[in-house]
């Protein structure tokens, strides 16, 4: 590994930097909403860049959501597994990296005025 970086298991019931410990149900609702929005509206994403953002944020949210839903101590009360420990910063996981990178690119795309959703184009027929 890199100097100051180690693989070390920690369980995080909060969000970034362990903020929000004890409000796991709120994080479950937020992550569920984000994943559902991407699943149901993703077909309208306007650009490849926003599609990458949706993949990063959706994948990161889904990864942490699975931990929160199915890890101990009980269903929907679980802790996220963090395992990348940067001595001078924090512990995190790959899902956190995806979320952070996706959010950073989303801010950049929004700042540049890149449209998120198509406003016209072929509409899919509904059964």
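A short reminder: the numbers here are calculations on the coordinates, not readings from a lab. These numbers were taken from a predicted model, which means no experiment stands behind them. Cβ sites come from the backbone with ideal geometry, for glycine too, and all protein chains shown count toward neighbours.
A few comments on the model shown:
- Reported label for calculated Cα extents along the principal axes in Å given (1) 49, 35, 22; (2) 38, 37, 30; (3) 55, 30, 27: (1)
- For the pair the stretch 53-78 / the stretch 1-32, the C-alpha centres are spaced 10 Å from each other.
- With contacts taken as Cα pairs under 8 Å and at least 6 residues apart, the chain reaches a relative contact order of 32 percent.
- Dividing the C-alpha radius of gyration of the stretch 52-111 by 2.2 N^0.38 Å, with N its residue count, gives 1.26.
- Look at the alpha carbon pairs under 8 Å that are at least 6 residues apart: their mean separation over the length of the stretch 45-115 gives a relative contact order of 36 percent.
- Efficiency of FRET from Cβ geometry, residue 46 and residue 94, R₀ 30 Å, rounded to 0.05: 0.65
- The stretch between residue 33 and residue 74 holds 12.6 nm of extra length on full extension. This uses 0.36 nm per residue minus the Cα-Cα distance.
- Distance-filtered residues of the stretch 76-109 - backbone nitrogen under 11 Å, label point 7 angstrom along residue 10 Cα→Cβ: 82-93
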